[in-house]
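The values are calculated or read from the model by the stated rules, or taken from the named source; none is laboratory data. Owing to the predicted nature of the structure, the values given are computational and were not obtained by experimental measurement. For neighbour counting, all protein chains shown are included, and Cβ atoms are generated from backbone atoms with ideal geometry for every residue, glycine included. Each accessible area value is taken on the protein alone, full model and side chains, heavy atoms only, with ligands, DNA and RNA left out. Shrake-Rupley method; radii C 1.70, N 1.55, O 1.52, S 1.80 Å.
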Amino acid sequence: AKASNERSSTNFSLLAAKAEVKKVMDASNVANLPTSAAQRAAIVAANIRKQLKVAPMGNNNPDYHTDEIEINDYPQYARYKMTQRSVVADIEERYECTITTKGTFVPPGRKPKDGERKLWLQIEGKTQVGVIRCKADIRRTLEEAASMRPDSNARRSGGGKYQVLSLTY
């Protein structure tokens, strides 16, 4: 019975969508038709969302919040730590947010090319408080990782795990 209800709900959705398309494309509404295909598609989508009671995503939705944090200038180990799946999944679960890595790593001293953006994280969530707390936790994780791991140049200066011994005969 449950599968039957799901199928009938899907059929209703498809019928509603077809009816909306027909209404927008109807010849009697030519004077009221938007000029571009994109405008017509937006009207059809809005009408379908209204019928199905689906909230729009993006800036128009009050239940959708975003923020971002640039991670390009943090040390390599901190960037690596913050993009590990286990770390990201833990933070996402804790704050009910989604974290997406975006941009391109731009080495120090080089400016990003036109249209290129430095490495950053996009944070999306249902509540503004969750997004703010998530960003604070990301910043804390980056700062901890940056302070924990010494710079890789320190190893090359003799502070590494092994010591080179010179043997003289």
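If DNA, RNA and ligands are ignored and the probe is 1.4 Å, what is the ranking of Thr66, Thr168, Thr141 by accessible area, most exposed first? Could you put the intermediate results ahead of the total?
Numbers: Thr66 70, Thr168 125, Thr141 20 Å².
Output order, biggest surface exposure first: Thr168, Thr66, Thr141.
With each pseudo-label sitting 7 Å past Cα toward Cβ, what's the Thr83-Ala41 distance in nm, one decimal?
The modelled label-to-label distance comes out at 3.1 nm.
When the chain is fully extended, how far beyond the present Cα-Cα distance does Asp67 get from Met148, taking 0.36 nm per residue of separation?
Working: separation 81, 0.36 × 81 = 29.16 nm, distance 2.62 nm.
Gain on extension, Asp67 to Met148, equals 26.5 nm.
Given a Förster distance of 45 angstrom, what is the FRET efficiency for Thr104 paired with Ser166, based on the Cβ-Cβ distance and rounded to 0.05? Spell out each step's value before the answer.
Numbers: r = 44 Å, r/R0 = 0.97.
It comes out at approximately 0.55.
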